[in-house]
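Take a look at the structure set out below.
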Amino acid sequence: MDASIRTGCQGQSYKGNPATIVTFWHLLATFGVNCGSRVFRIGSESIQIQSSSIISGNLVYPFRNLLLLTDSYKVSHYKQYPPKTETVYSYFESRGGEFADTVFFGLQYLLVEYLEGCVVTQEKIDEAQRILGDHFSESSFFNRAGWEYIANQCRGRLPIRIKAIPEGTVLPTSNVLMTIENTDPTCYWLTNYLETLLVQTWYPCTVATQSRSMKQSIAHYLTKTGGEENLRFKLHDFGFRGVSSVETAAIGGASHLVNFNGTDNLAGIVLAQRYYGAQMPGFSIPAAEHSTLTSWGREHELDAYRNMLEQFPSGLVAVVSDSYDLMHACRALWGRELKSMILDRKGTLVVRPDSGDPPTILCEVLAILGDAFGVSVNSQGYKVLDPHIRIIQGDGIDRAMLNKILEAITVAGWSADNLAFGSGGGLLQKLHRDTSKYAFKCSSARVNGSERDVFKQPVTDQGKKSKAGRLRLVKRDDQYLTLRESDASQETDYLEEVFLNGEVIRRQSWNDICERSKLSSER
C-alpha cells in the first residue's frame with residue numbers, strides 16, 4: 001500500500017512506502033523545513049498534521065503557527081493605525097535596570113527558529129481564523145486578508161527588515177539594540193505584530209548580561225587574590241532542571257556559554273551548535289549526586305567516596321559531601337582515610353558542599369581541608385589549597401551570594417582560586433524582563449507618503465519616554481550612542497541588516513560572539 005505526503009507551502013506531493021514517507025517527514029522537520037501542514041494518506045485514510053505541530057529538532061513542538069505567537073490585542077491593531085499608513089518602524093532597547101551594560105544575544109535563534117522561510121500558509125491562516133474567531137467571539141477582528149496577502153504575494157515569507165547590533169556586543173543601556181520595519185506598505189501592521197516574539201530576546205540578553213556580571217565579580221577577586229587563568233571555568237551552569245521549559249534551558253544555557261565554558265546544561269550546548277555553529281562550547285566532569293552516594297548506606301559513606309576515586313583515577317572529579325556530616329567527611333574521610341589516594345591521583349578532587357550558609361560553610365571547609373592537605377601562599381599573600389583538592393559551591397548561588405562568598409573567603413585570607421561555583425535558578429531563572437527594563441517601541445511611521453515621529457512621553461513616568469524618529473547606533477569617543485538617523489547620516493551605523501523578507505542574511509559566528517563579550521582583562 002502506498003502513502004503520500006503533501007506539504008503546505010509549495011503544494012508538493014510525495015508518494016511511496018508509508019514507512020519511508022513518515023521517515024522523510026521526520027527528516028524534513030529535523031532539519032527545520034517548515035512548510036505548513038502535512039497530510040499523510042495511507043490507502044483511503046488521511047491524517048493531517050498542522051504546522052503548529054511541526055517537529056523542532058527531534059521533539060514535537062506544538063507552537064509553530066506564527067500567526068498565534070502574539071498577544072491577543074495585537075490581532076486587531078491593523079484596524080487602529082491611521083488611514084494610509086505605509087510603514088511602521090520600531091526599535092528594541094534596555095531602558096536601564098540592574099545593569100549598566102547589556103550583552104546583546106539570542107536574536108539569531110529566534111529569527112532562524114520562528115521567522116525564516118515560509119512561515120505563513122493557508123493552513124495556518126485557517127487555524128488562526130478558527131482559534132481567534134472563538135477567542136474573540138468575533139471573526140472579523142482577524143486580519144485574514146493581510147495574512148493571505150503574505151501567503152500568496154510574499155510566498156509565505158515575512159516582508160520585514162531587521163537591523164541589529166552584532167551579537168555578543170556589550171553596550172550601555174538606553175541604546176538601540178535592533179530595529180524592525182515592514183518592506184511592503186500593505187503589511188504596515190506586521191512590524192508590531194511581531195513584537196511579542198522579538199521581545200523575547202530579553203531573556204538571552206539578560207542571562208548573558210547577568211552571567212558576564214558574575215564573571216566580572218569572579219575576575220575582580222581573582223585579580224585581587226590570585227588565579228585568573230581558569231576564569232572561564234569558574235561558574236558552571238546547573239540550571240537545566242530549574243527553568244520553566246526545555247527551550248528556556250537551551251536559550252539560557254547558550255547565553256551563559258557566551259561567557260563561560262563550564263556547564264551541565266546539554267540543551268544550551270545543542271542550541272549553540274545548531275544555531276550559531278559552535279564546535280564544543282561547554283565542558284563538564286564526572287560528578288556524584290546524593291543518590292549515587294547515599295544508596296551505599298550511611299555506614300558505607302567511606303566506600304562510596306573511595307569508589308569515586310577508583311572509578312575516576314585521573315582528572316577532575318566532583319563529589320557532593322554533605323549527605324550526612326560535611327565537616328566529618330572533609331576532616332576524617334577525605335582528610336585522613338582517603339588522603340593518600342587523593343594526593344596520588346593525577347588530577348583534582350572537587351568537594352561540593354550543598355547545604356548551610358555558604359559563606360560560613362565555605363570558610364570552615366577551607367580551613368579543614370587546608371589543615372588536612374596543606375596550603376601555600378601565593379604572590380598576593382593569599383592561601384591556596386594543595387592542587388589535588390578544590391571546592392565547588394553549587395547551592396544558593398546568585399549574584400548577591402556569589403559576592404558575599406568571595407568577600408568572606410578573601411577576608412579569611414583565602415584565594416578565590418580555591419573555589420568554583422555552580423548556579424541554576426539564580427543564573428537562568430531569577431530574572432525577568434524588567435531586570436533590564438527591555439522595551440519595544442514604535443519611533444517612526446510613514447503615512448500617506450510622509451514620515452512622522454512616533455513616541456510616548458507619559459507624565460506619570462519619565463523613565464518610559466521612548467525614542468523618536470529613525471535611529472542609528474554610532475560611536476563617539478569610543479562610546480556607543482543612539483542618535484536620530486538625520487543627525488548622524490555621515491557616521492557609521494553599527495546596526496547591521498540581519499533579516500530581510502524572510503531570510504537571515506547575516507549569521508553571527510559563535511567565536512565572534514564570545515570574543516565580543518570578553519572582559520577587558522581577557523583580551
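The values are calculated or read from the model by the stated rules, or taken from the named source; none is laboratory data. Since we're looking at a predicted model, the values are computed, not measured. Cβ coordinates were reconstructed from backbone atoms using ideal geometry, including for glycine residues, and neighbour counts include every protein chain displayed.
Taking strands (runs of 3 or more DSSP E) that fall entirely within the range 128-217, which contain at least 2 residues that are β-branched (Val, Ile, Thr) and either at pLDDT 95 or above or farther than 18 Å from LEU107 by Cα (or both)?
Hits in the range 128-217: 160-164, 176-182.
Quick one: THR191 ticks every box in (1) touching a Leu at 6+ places or on another chain (Cβ under 9 Å); (2) buried (at least 23 other Cβ atoms within 10 Å of the Cβ) bar one, so which box is it?
Of (1) touching a Leu at 6+ places or on another chain (Cβ under 9 Å); (2) buried (at least 23 other Cβ atoms within 10 Å of the Cβ), only one is false for THR191: (1).
Can you tell me which residue among GLN457, GLN479 is surrounded by fewer than 15 Cβ atoms within 10 Å (Cβ to Cβ) and in contact with a Lys or Arg (Cβ under 6 Å, 6 or more places away or on another chain)?
When all the criteria are applied, what remains is GLN457.
Can you name the residue in the range 482-500 that is under 22 Å from VAL170 (Cα atoms) and acidic (Asp, Glu) and, of all such residues, is surrounded by the most Cβ atoms within 10 Å (Cβ to Cβ)?
Across the range 482-500, the extreme among qualifying residues is ASP493.
Within the range 365-405, which residues are farther than 21 Å from THR263 by Cβ, under 36 Å from the mean Cα position of the chain (by Cα) and aliphatic (A, V, I, L, M)?
Passing the criteria: VAL365, LEU366, VAL384, LEU385, ILE389, ALA400.
Taking the range 110-127 on its own, how many of its residues are more than 23 Å from the chain's Cα centre (by Cα), in a helix (DSSP H, G or I) and surrounded by 18 or more Cβ atoms within 10 Å (Cβ to Cβ)?
4
Among the candidates SER509, SER521, single out the residue that is out of contact with any Pro (no Cβ under 8 Å at 6 or more places or on another chain), over 24 Å from TRP202 (Cα atoms) and surrounded by fewer than 19 Cβ atoms within 10 Å (Cβ to Cβ).
On inspection, the qualifying residue turns out to be SER521.
Considering every residue within the range 285-308, establish whether at least one is within 27 Å of SER217 (Cα to Cα), buried (at least 19 other Cβ atoms within 10 Å of the Cβ) and not aromatic (Phe, Trp, Tyr).
There is at least one residue in the range 285-308 that is within 27 Å of SER217 (Cα to Cα), buried (at least 19 other Cβ atoms within 10 Å of the Cβ) and not aromatic (Phe, Trp, Tyr).
Take the residues in the range 170-188 that are hydroxyl-bearing (Ser, Thr, Tyr) and surrounded by 22 or more Cβ atoms within 10 Å (Cβ to Cβ); name whichever of them is farthest from LYS84 (Cα to Cα).
Here the answer is THR179.
For residues that are closer than 25 Å to GLU451 by Cβ, part of a strand (DSSP E or B) and of a type in the set (S, T, N, Q), tally how many sit in the range 462-489.
Number of matching residues: 1.
Would a scan of the range 436-446 turn up a residue that is in a strand (DSSP E or B), within 15 Å of GLN210 (Cβ to Cβ) and under 22 Å from the mean Cα position of the chain (by Cα)?
yes
Out of the residues in the range 463-505 that are of a type in the set (S, T, N, Q) and under 30 Å from the mean Cα position of the chain (by Cα), state the one that is farthest from SER444 (Cα to Cα).
Here the answer is GLN479.
Has the range 139-157 got at least one residue that is out of contact with any Cys (no Cβ under 6 Å at 6 or more places or on another chain), among the aromatic types (Phe, Trp, Tyr), assigned by TED's automatic domain parsing to the domain that holds LEU190 and closer than 30 Å to HIS432 by Cα?
So far as the range 139-157 goes, no, none of its residues is out of contact with any Cys (no Cβ under 6 Å at 6 or more places or on another chain), among the aromatic types (Phe, Trp, Tyr), assigned by TED's automatic domain parsing to the domain that holds LEU190 and closer than 30 Å to HIS432 by Cα.
Table: residues versus (1) in a loop (DSSP other than H, G, I, E, B); (2) more than 25 Å from LEU197 (Cβ to Cβ); (3) outside the structural domain of LEU419 (by TED's automatic domain parsing).
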| site | (1), (2), (3) |
| --- | --- |
| ASN230 | no, yes, no |
| SER244 | yes, no, no |
| THR248 | no, no, no |
| GLY252 | no, no, no |
| HIS256 | no, no, no |
| PHE260 | yes, yes, no |
| ALA267 | no, no, no |
| VAL270 | no, no, no |
| GLN273 | no, no, no |
